[in-house]
Amino acid sequence: MNSKQKSLIGLMLRAGALIMGEELAVKAIQTKKAKAVIISKDASENTLKKISDKCNYYKVPLIQTGDRYEIGEALGKEARVVLALTDKGFAEAFMKHEVKSAE
C-alpha cells in the first residue's frame, strides 16, 4: 500500500465513506452501498473467500492490499482486515493509485 492510498483511507474515514469489519462490509455489498472493498493481504482464507465471492456476485471491485496492521495504521486504529468504500469518487481514486503502484 502506497502513501497516497494510506492518505485516502484516512480521508475516507473522516468523510464517513468507510465501513469497517467483515460482517458490515458484507451487508454493504449486498445492499449495493459498497463501491469497492479493500481486504488485507494477510486475511484468512475463509474471509478472503467469503468477501471475494460476495464481491464477484454483486460485481463490486475487490482490492487486496497491505496487511491488517498497515490498514489499521492508515485509520489510526488497531488492525483492520476488511473495509468497504461507500463513496464512488473515493473508490475510483483508490483504485487509480492501486494500478500505478503495481506498475
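Could you give the dipole magnitude of the chain about its Cα centre, charging the beta-carbon of Lys and Arg +1 and that of Asp and Glu -1, in debye to the nearest 20?
Working: 18 positive and 13 negative charges, 85 e Å.
For the chain, the charge dipole is close to 400 debye.
Of Thr47, Ile9, Gly72, which is farthest on the positive side of the dipole of segment 3-102, counting Cα position, with +1 on Lys and Arg Cβ, -1 on Asp and Glu Cβ, and the Cα centre as origin?
Of the options given, the answer is Ile9.
If I compute mean projected area of the Cα convex hull in nm² from the structure I just sent, which labelled value in [x] 6.3; [y] 13.3; [z] 5.7 lines up?
[z]
For Glu23 and Glu92, what does the FRET efficiency come to when R0 = 22 Å and r is the distance between their Cβ atoms, rounded to the nearest 0.05? Display every interim value, and only then the final one.
Working: r = 25 Å, r/R0 = 1.15.
Once rounded, the FRET efficiency stands at 0.30.
I'd like the FRET efficiency for Ser7 and Ser52, computed as 1/(1 + (r/R0)^6) with the beta carbon distance as r and R0 of 30 Å, rounded to 0.05. If you can, show how the numbers build up before the last one.
Values: r = 26 Å, r/R0 = 0.87.
FRET efficiency, Ser7 to Ser52: 0.70.
What does the charge count around Leu13 come to, taking other residues whose C-beta lies under 13 Å from its C-beta (Lys +1, Arg +1, Asp -1, Glu -1)?
Numbers: positive: Lys6, Arg14, Lys77, Arg80; negative: Glu73, Asp87.
With Lys, Arg at +1 and Asp, Glu at -1, the net is +2.
Taken together, the values in this text are just the output of simple stated rules run on the coordinates, not laboratory data. Owing to the predicted nature of the structure, the values given are computational and were not obtained by experimental measurement. Note that we place each Cβ from the backbone using ideal geometry, even for glycine, and neighbour counts take in every protein chain shown.
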